[in-house]
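Data first, discussion second: the structure below is written as structure tokens.
Each value in this text was obtained by applying a stated rule to the coordinates, not by laboratory testing. Please read all numbers here as calculations on a predicted model, not as lab measurements. A quick note on method: Cβ atoms are made from the backbone with ideal geometry, for glycine too, and the neighbour counts reach across all protein chains shown.
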Amino acid sequence: MPPAFHAITTGLLNGLLLFALLAVLLRIVLQWRDHNPRSPLAIAADRGALWAASLGGLLALAAIITGFAIWAPSAAINSPVMRNKLLTAALLVVTYAIFLAIRWKLGEALWQSKTVSAFYGLVALAGFHWSMVTSSIGGDIAGIPSGYETIVRLSGVETRFTYYLPTWVLIVIVVLSVAMLVVAFTDRESAEGSDDQQPARTSA
């Protein structure tokens, strides 16, 4: 398969994921400004992010398939750079699977909580980051690096060698994971408390 098919697929993927990220950020800004949640702009931003991420998820799988059509699996296994590319591609798919699961599970109700919507935005940002990392590694392999690798190196990771995370990055991940669990359980308890305080409905 010509490499152009893979380049076109990844280009469309990055464009869709960028659109999804910008739409989510716009919806968060409207929420924090106490904008009407049923306004045409708010509804368009929410649904636009959902559909762009859904199409992006399909294109991510297509990009993986077209990538394997260019490079044999043996090359991916034996090359540290290719292993990094496969790892970041897997993180990309998992991140947007979480993104879509949150939206399909909560629906438009996710915008009723600023905490949940902020986490939703962080997931979108993380997914776009992994798409950029994956594409930049591919560009580096093709001999046309994008320069995005310099941002990745700030976290102590060198994309050209075997992927590893420095100790301080692992500590940050653990702290953030614990913080997200605390926020999730706190938000759930507050929601259950508000439900208990509502008066029971009686039939006439």
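Quick notes
- Peptide ranges 125-138, 42-55 listed from the most packed, as the mean C-beta count within 10 angstrom indicates: 125-138, 42-55
- Compactness relative to 2.2 N^0.38 Å, alpha carbon Rg of the stretch 13-92: 1.50
- The stretch between ALA118 and TRP51, if pulled fully straight at 0.36 nm per residue, gains 22.2 nm over its current Cα-Cα span.
- Here the Karplus relation 6.51 cos²θ - 1.76 cosθ + 1.60, evaluated at θ = phi - 60°, turns the backbone of the stretch 111-124 into coupling constants of 7, 7, 10, 5, 5, 5, 5, 5, 5, 4, x, 5, 5, 4 Hz, with x for every Gly and Pro.
- Taking Lys and Arg as +1 and Asp and Glu as -1, the other residues whose beta-carbon sits under 11 Å from that of SER54 total +2.
- In sequence order, calculated HN-Hα J values of the stretch 46-63 (Karplus, 6.51, -1.76, 1.60; Hz; x Gly/Pro): 5, 6, x, 5, 5, 6, 5, 5, 5, 5, x, x, 5, 5, 5, 5, 5, 5
- Amide H to amide H distances under 5 Å link SER146 with ASP140, where only residues 5 or more positions off or on other chains count and H is placed in the peptide plane.
- Residues whose placed amide H lies under 5 Å from that of GLU158, excluding near-sequence neighbours: TYR164
- Whole-percent pair-distance distribution, where bins are 10 Å wide, for the alpha carbons of the stretch 3-164: 11, 38, 29, 16, 5, 0
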